[in-house]
Amino acid sequence: MSEVKAPGTMLGHPKGLFLLFTTELWERFSYYAMRAILVLYLVDKVQADGGSGLGWTPQDALSLYGTFTGLVYLTPLIGGWLADNYLGQRKSIYIGGALMAIGQFTLAAPHSWFSGLETTLFYIGLGTLILGNGLFKPNISTMVGDLYEEGDHRRDGAFTIFYMGINVGAALSGIIVAWAYTTFGHTEVVAGQEVFVNNWQAGFFCAGVGMVASLIIQFFFAQRLLGDIGTVPAAKLERDRNALKGQVRSEPLTKIERDRIKVIMIMGLFTIIFWAGFEQAGGLMNLFTNNFTDRMIGSWEVPTTYFQSLNAIFIVIFAPVIASIWIRLGKNEPNSPVKFALGLVLLGIGFLFMIGAVLQMGGDASIKSSMWWLVGAYFFHTMGELCLSPIGLSMVTKLAPLRIASLMMGAWFLFIAIANKVGGLVGSLIGHGGSVEDQLANAMSIFAGIAITAAVSGIILYFMADKLVDWMHGAEGHNDSEEEALAEEIAVTAEHEAIKR
């Protein structure tokens, strides 16, 4: 948005892009490291010496997880408004990053320091994280676009580079946080048995270090590599431009605009179904991995959080492949609603693997299921995400009337926020303190219910596709060449990942 931009390029892009790449890499590492252990920390039983977990029931933990991830998608609406109107993007990132670091280190505080106040401290830390995320999340991605003038062909490639940084950070998080909570854990004797106590506080501390690294990098290099980008609130710049052009009168919505808004609303209902199932990854599927999965490879036990990195790894590998497939289909490329429907069906297929994992156990909680069921589930969930996820953001930008584009984007994030809360409530149906056999049976019902709901929703949406395309009134366009189309497809995926993650 700013007119003063720092000179100098690297690999054909402004050097500021690689600063934002690194800043976001470590911030996403911090967030996903915390997310990977959040439910595990909540349900970990309190040990004789005070332990490092809170000892919640799976039901309560998963319900809280849904609330947290839902708020993660709501607060950026407020943070974006504050940045646009008062703070500017740069200052919002500093304040948000500092709050997130404080939140991580608050979660990392040993229980022995605040005996009897562990839960209160946890809520303070989580609340601070949510507020910080609201200021940080929407503004770092916007600054990537502000590096380029309108119409600059390099912008698409910039989001692709930026998105790789996001997923590198997400992939590293599950691996490094596992090293932290296991390395700093300890063995003790409880009820006559020797048990290993994971040090979840070390994991949160590791996440805090990642956030501090992100802040330090941004603080020392921002002015040099970004110039004045993000220092002036966007609304002020917009008011200055409008003052030169005169006021724009508000006009009622046309029939075409109303039809297009209907498409956004209908697709939003289906996106709730998809993300409510997909977000089981950090909740119910995380608990299933920890409690019911054979994670042994020889004498080494694969840490639970390693599986949280699979989605990011699969995205990095397969996003260009999926984008290329769409383009090579040419005139046979599915329209947006059909791609959306395919994403829902693939989500359902992923949960068939989770059903297979439960069936392998035969109702006996002492028998562990193969970890390959999980790998298969995460693979198909990622394929579904790549079919559906980029479509949502792209669709809103194409269909929303320009004068209410921000409102429609806010509504889209509201759908995702609702989905995260619904996902937490669905996962919490695993039961409240029941036997492990009961929890296993409940997990089977949940996995089957999600699989059926996703598949049926996909089929319904498929048969609605033609009508929805009619209501788009030609909003879906085509590129002049295969190369242009491929570049745009990858860039759309990248831009959505930049916002989603």
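The values are calculated or read from the model by the stated rules, or taken from the named source; none is laboratory data. On a predicted model such as this, the values are computed, not experimentally measured, just so you know. Quick reminder, even Gly has a Cβ in these numbers, built from the backbone with ideal geometry, and neighbours come from all protein chains shown. Heavy atoms of the whole protein, side chains included, go into the accessibility calculation; ligands, DNA and RNA do not. Shrake-Rupley method; radii C 1.70, N 1.55, O 1.52, S 1.80 Å.
Tell me which of these residue 162 doesn't satisfy, since it passes every other one: (1) within 18 Å of the chain's Cα centre (by Cα); (2) touching a residue at least 60 places away in the same chain (Cβ under 8 Å); (3) open to solvent by 60 Å² or more (accessible area, probe 1.4 Å).
Every condition holds for residue 162 apart from (3).
Which condition number in (1) within 30 Å of residue 467 (Cα to Cα); (2) touching a residue at least 40 places away in the same chain (Cβ under 8 Å); (3) open to solvent by 20 Å² or more (accessible area, probe 1.4 Å) is the one that residue 337 fails?
Exception for residue 337: condition (3).
Given the options 10, 1, name the one that is within 18 Å of residue 230 (Cα to Cα), modelled with pLDDT under 90 and open to solvent by 10 Å² or more (accessible area, probe 1.4 Å).
Only one candidate passes the filter, namely 1.
Residue pairs, Cβ under 7 Å, 6 or more apart or interchain, first in segment 301-322 and more than 22 Å from residue 340 (Cβ to Cβ) and at pLDDT 90 or above, second open to solvent by less than 60 Å² (accessible area, probe 1.4 Å) and among the charged types (D, E, K, R). List them.
Taking only residues 6 or more apart or on different chains, the pairs are 301/295; 302/295.
Do we find that residue 413 is modelled with pLDDT of 95 or more and assigned to a helix (DSSP H, G or I) in this structure?
Considered against the rule, which asks whether it is modelled with pLDDT of 95 or more and assigned to a helix (DSSP H, G or I), residue 413 comes out as no.
Considering only segment 102-121, how many residues are at negative phi and surrounded by fewer than 17 Cβ atoms within 10 Å (Cβ to Cβ)?
9
So, residue 353, is that one buried (at least 17 other Cβ atoms within 10 Å of the Cβ), among the aromatic types (Phe, Trp, Tyr), under 17 Å from the mean Cα position of the chain (by Cα) and modelled with pLDDT of 90 or more or not?
No: the conditions fail for residue 353.
For residue 239, indicate whether it is modelled with pLDDT under 90, farther than 23 Å from residue 458 by Cβ, in a helix (DSSP H, G or I) and open to solvent by 80 Å² or more (accessible area, probe 1.4 Å).
yes
Go through segment 357-375 and count every residue that is without any contact (Cβ under 8 Å) to a residue 60 or more places away in the chain and open to solvent by less than 10 Å² (accessible area, probe 1.4 Å).
0
Within segment 76-112, work out how many residues are part of a helix (DSSP H, G or I) and modelled with pLDDT of 90 or more.
So the answer is 18.
Could you say whether any residue in segment 81-101 is open to solvent by 10 Å² or more (accessible area, probe 1.4 Å), more than 30 Å from residue 292 (Cα to Cα) and touching a strand residue (DSSP E or B) at 6+ places or on another chain (Cβ under 6 Å)?
no
For segment 35-44, state whether one or more residues are modelled with pLDDT of 75 or more, open to solvent by less than 10 Å² (accessible area, probe 1.4 Å), in contact with a Gly (Cβ under 7 Å, 6 or more places away or on another chain) and of a type in the set (Asp, Glu).
No: zero hits.
When you look at residue 418, is it under 16 Å from the mean Cα position of the chain (by Cα), open to solvent by 60 Å² or more (accessible area, probe 1.4 Å) and at pLDDT 90 or above, yes or no?
yes
Looking at segment 171-192 only, could you name the residues that are assigned to a helix (DSSP H, G or I), among the polar types (S, T, N, Q) and either without any contact (Cβ under 8 Å) to a residue 40 or more places away in the chain or over 13 Å from residue 30 (Cα atoms) (or both)?
Once the filter is applied, which keeps residues that are assigned to a helix (DSSP H, G or I), among the polar types (S, T, N, Q) and either without any contact (Cβ under 8 Å) to a residue 40 or more places away in the chain or over 13 Å from residue 30 (Cα atoms) (or both), segment 171-192 yields 182, 183.
Out of all the residues in segment 165-214, which are hydrophobic (A, V, I, L, M, F, W, C), modelled with pLDDT under 90 and either closer than 13 Å to residue 32 by Cβ or buried (at least 24 other Cβ atoms within 10 Å of the Cβ) (or both)?
166
Report yes if some residue within segment 386-395 is closer than 30 Å to residue 476 by Cα and touching a Gly at 6+ places or on another chain (Cβ under 7 Å); otherwise report no.
So far as segment 386-395 goes, yes, one or more of its residues are closer than 30 Å to residue 476 by Cα and touching a Gly at 6+ places or on another chain (Cβ under 7 Å).
One line per residue, one yes/no per condition, for (1) open to solvent by 20 Å² or more (accessible area, probe 1.4 Å); (2) within 25 Å of residue 285 (Cα to Cα); (3) modelled with pLDDT of 85 or more:
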| site | (1), (2), (3) |
| --- | --- |
| 324 | yes, no, no |
| 349 | yes, yes, yes |
| 389 | no, yes, no |
| 396 | no, no, no |
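Residue 431 fails exactly one of the following numbered conditions: (1) in contact with a Pro (Cβ under 8 Å, 6 or more places away or on another chain); (2) modelled with pLDDT under 70. What is the number of that condition?
(2)
Which of the residues that make up segment 432-454 are open to solvent by less than 40 Å² (accessible area, probe 1.4 Å) and under 26 Å from the mean Cα position of the chain (by Cα)?
The answer is 443, 446, 447, 448, 449, 450, 451, 454.
May I ask you to verify whether residue 457 is modelled with pLDDT of 90 or more, open to solvent by less than 60 Å² (accessible area, probe 1.4 Å) and not basic (Lys, Arg)?
Yes, satisfied.
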